[in-house]
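The values are calculated or read from the model by the stated rules, or taken from the named source; none is laboratory data. Being a predicted model, the structure only gives us computed values, none of them experimental. Cβ placement follows ideal geometry from the backbone for every residue including glycine, while neighbour counts extend to all protein chains displayed.
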Amino acid sequence: MLEDLLKELKRDDHCEILTSWKEIPIRVSLPIRWVSPQERFVSFDFKECKLKSVFGNAPIYLKFNELFILCRLFSNVRDELVLEVEAPVPAPSIVLREFIRVEPTEKEPVYVSFRMDEGFSIRTKAADVSESGIGLYLSKDDAKALLDTIVGIPEYGEKIHMPFELEIELPQEGLIRAEGELKNVLSKEDELYVRFGFKIRLDENQAKKIRRYVMKRQREILEQLKSL
């Protein structure tokens, strides 16, 4: 299927490519240089693109009509971007997000604290923040302790969506409280940290604080993009 799709791509056709940088969605339209359907490579002319440096660790998607195709960065040297096509996927989260998500700075981190009835507590830096959710990384030891606390055995099915209180410390905006619900856990064997994704619920006053922080941080990121 992929090989047939790639055969439809022609030199100088423009394709939409999506990725993200510091959690801000990035869309660019680039002309095709060459296509190798059997090896699943697509090369794009990169010389007019002002956002070359954003293509890196974040997932990259090629939009083909209404289809999204996950790609791996093979090369972005000089004026050529080469993507290795992997597989068709559902519309990625960067397309479906209802709320803007941003990555905090190291200089002004966002801290997240939560406490459980069982006495377990933790305070760590947020990886990303939006009005509807927050992500964070924990060491594997802390991750195991947290999962043992909120999941438990055999109550896994009952407790994985158990709500609990989160405290979020925002630069300039101060401390806000939210009801958090664990939505996903992402871990790789070769990595030291585990990523936790939480859905959060806020009253309107608390939501306004996060909204102001997100908009301010988004402006900062966009200014950085202009200087790349």
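Exactly one of these conditions fails for residue 108: (1) in a loop (DSSP other than H, G, I, E, B); (2) without any contact (Cβ under 8 Å) to a residue 60 or more places away in the chain; (3) among the acidic types (Asp, Glu). Give me its number.
Among (1) in a loop (DSSP other than H, G, I, E, B); (2) without any contact (Cβ under 8 Å) to a residue 60 or more places away in the chain; (3) among the acidic types (Asp, Glu), the lone unmet condition for residue 108 is (2).
Residue 134 is checked against (1) in contact with a Pro (Cβ under 8 Å, 6 or more places away or on another chain); (2) of a type in the set (A, V, I, L, M); (3) within 30 Å of residue 203 (Cβ to Cβ) and fails just one. What number does that condition carry?
(1)
Out of 219, 212, 195, report the one residue that is basic (Lys, Arg), surrounded by 14 or more Cβ atoms within 10 Å (Cβ to Cβ) and out of contact with any Cys (no Cβ under 6 Å at 6 or more places or on another chain). Full working, then the answer.
Values: 219 fails: surrounded by 14 or more Cβ atoms within 10 Å (Cβ to Cβ); 212 fails: surrounded by 14 or more Cβ atoms within 10 Å (Cβ to Cβ).
Exactly one of 219, 212, 195 is basic (Lys, Arg), surrounded by 14 or more Cβ atoms within 10 Å (Cβ to Cβ) and out of contact with any Cys (no Cβ under 6 Å at 6 or more places or on another chain), namely 195.
For segment 33-60, how many residues meet the condition of being surrounded by 14 or more Cβ atoms within 10 Å (Cβ to Cβ) and part of a loop (DSSP other than H, G, I, E, B)?
Residues that pass the stated criteria total 8.
Kindly provide the set of residues from segment 171-200 that are more than 19 Å from residue 121 (Cα to Cα) and touching a residue at least 40 places away in the same chain (Cβ under 8 Å), ordered by number.
Hits for segment 171-200 are 171, 172, 173, 187, 192.
Any residue at all in segment 62-73 that's in a loop (DSSP other than H, G, I, E, B), outside the structural domain of residue 177 (by TED's automatic domain parsing) and modelled with pLDDT under 90?
Quick first cut of segment 62-73, residues in a loop (DSSP other than H, G, I, E, B) only: 65-66.
From the residues that got through so far, the ones that are outside the structural domain of residue 177 (by TED's automatic domain parsing) too are 65-66.
From what is left, the residues that are modelled with pLDDT under 90 are 65-66.
Looking for residues that are in a loop (DSSP other than H, G, I, E, B), outside the structural domain of residue 177 (by TED's automatic domain parsing) and modelled with pLDDT under 90, one finds at least one in segment 62-73, hence yes.
For every residue, the table says whether it meets (1) of a type in the set (Ser, Thr, Tyr); (2) assigned to a helix (DSSP H, G or I); (3) at pLDDT below 90.
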{"site": "117", "(1), (2), (3)": "no, no, yes"}
{"site": "124", "(1), (2), (3)": "yes, no, no"}
{"site": "136", "(1), (2), (3)": "no, no, no"}
{"site": "147", "(1), (2), (3)": "no, yes, yes"}
{"site": "189", "(1), (2), (3)": "no, no, yes"}
{"site": "209", "(1), (2), (3)": "no, yes, no"}
{"site": "215", "(1), (2), (3)": "no, yes, no"}
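Among the residues of segment 174-184, are any closer than 25 Å to residue 25 by Cα and either β-branched (Val, Ile, Thr) or over 21 Å from the mean Cα position of the chain (by Cα) (or both)? Quick ask: steps written out before the conclusion?
So in segment 174-184, the residues closer than 25 Å to residue 25 by Cα come out as 180-184.
Now restrict to residues that are either β-branched (Val, Ile, Thr) or over 21 Å from the mean Cα position of the chain (by Cα) (or both): none.
Scanning segment 174-184 turns up no residue that is closer than 25 Å to residue 25 by Cα and either β-branched (Val, Ile, Thr) or over 21 Å from the mean Cα position of the chain (by Cα) (or both).
Taking segment 1-32 as the search range and keeping residues that are hydrophobic (A, V, I, L, M, F, W, C) and exposed (fewer than 15 other Cβ atoms within 10 Å of the Cβ), which one is farthest from residue 70 (Cα to Cα)?
Restricting attention to segment 1-32, the residues satisfying the condition of being hydrophobic (A, V, I, L, M, F, W, C) are 1-2, 5-6, 9, 15, 17-18, 21, 24, 26, 28, 30, 32.
Subset that is exposed (fewer than 15 other Cβ atoms within 10 Å of the Cβ): 1-2.
Values: 1: 14, 2: 11 Å.
Out of the qualifying residues, it is 1.
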